[in-house]
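Everything below concerns the one structure shown next.
The values are calculated or read from the model by the stated rules, or taken from the named source; none is laboratory data. What you see is a predicted model, and the numbers here were worked out from it, not measured in a lab. We place every Cβ from the backbone using ideal geometry, glycine too, and count neighbours over all the protein chains shown. We work out accessible area using only protein heavy atoms, side chains counted, and drop any ligands, DNA or RNA first. Shrake-Rupley method; radii C 1.70, N 1.55, O 1.52, S 1.80 Å.
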Amino acid sequence: QVQLVTSGGGLAQPGGSLRLSCAASGSNLNTYAMGWYRQTPGNKRELVARICVSATSAKYFVDDVKDLFIISRDNAKNTVYLQKNKLMTADTAVYYCNARKLGRLDEDGYWGQGVQVTVFS
């Protein structure tokens, strides 16, 4: 079992930055890939970024803006972060943290509670 607690959502202005945190608890966390998803009304959850234990394992999945996302992982704190720079109104969404067992990335895994990010001018 893995428990995920997400924080850091809120209001932001275009052009600004925001950092989300996801604190994980459970056993064998280094065997999980940690990911961030986002969802807007009427749409499916979209995988934004994923990272394994190694920082060099970070991958980004939203082509248009992937250079503006930074996913990082502090293994000592069992915490994963997602930073978004140059915020746009299109970044307004509910963001979710996710943990999936390595080798079973096609399974749903564990989810943290969603946090709302609203970008408005």
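In table form, for the structure just shown:
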quantity	calculated
Mean Cα-pair separation over length for the range 1-64, i.e. relative contact order, pairs under 8 Å, 6 or more apart, %	23 percent
Selected from THR79, ALA12, PHE61, residue furthest toward positive end of dipole (the chain; charges at beta carbon)	THR79
Residue order for LEU87, LEU105, LEU18 - accessible surface, 1.4 angstrom probe, largest first	LEU105, LEU18, LEU87
Convex hull (Cα only) mean projected area of the chain, reported in nm² to one decimal	7.1 nm²
Per residue, in Å², the accessible surface of the chain once ligands and nucleic acids are set aside, probe 1.4 Å	54 Å²
Extension gain from PHE61 to VAL5, taking 0.36 nm per residue of separation minus the Cα-Cα distance	17.9 nm
Carbon + sulfur, % of accessible area of the chain - ligands and nucleic acids excluded, 1.4 Å	50 percent
Residue order for LEU102, LEU11, LEU47 - accessible surface, 1.4 angstrom probe, largest first	LEU11, LEU102, LEU47
The range 100-117-the range 1-46 distance, computed between alpha-carbon centres (Å)	9 Å
Gained length - ASN75 relative to ARG45, 0.36 nm times residue gap less alpha-carbon distance	8.3 nm
Cys residues of the chain counted as unpaired, since no other Cys beta-carbon is under 4.7 Å	CYS52
Nearest-20 debye value, the range 7-113 charge dipole, Cβ charges on Lys, Arg, Asp, Glu	160 debye
Heavy atoms of GLU107 accessible to a 1.4 Å probe, total area in Å² rounded to 10	90 Å²
Label-to-label distance, nm, for residues given as GLN113 and SER54 (7 Å Cα→Cβ offset)	3.6 nm
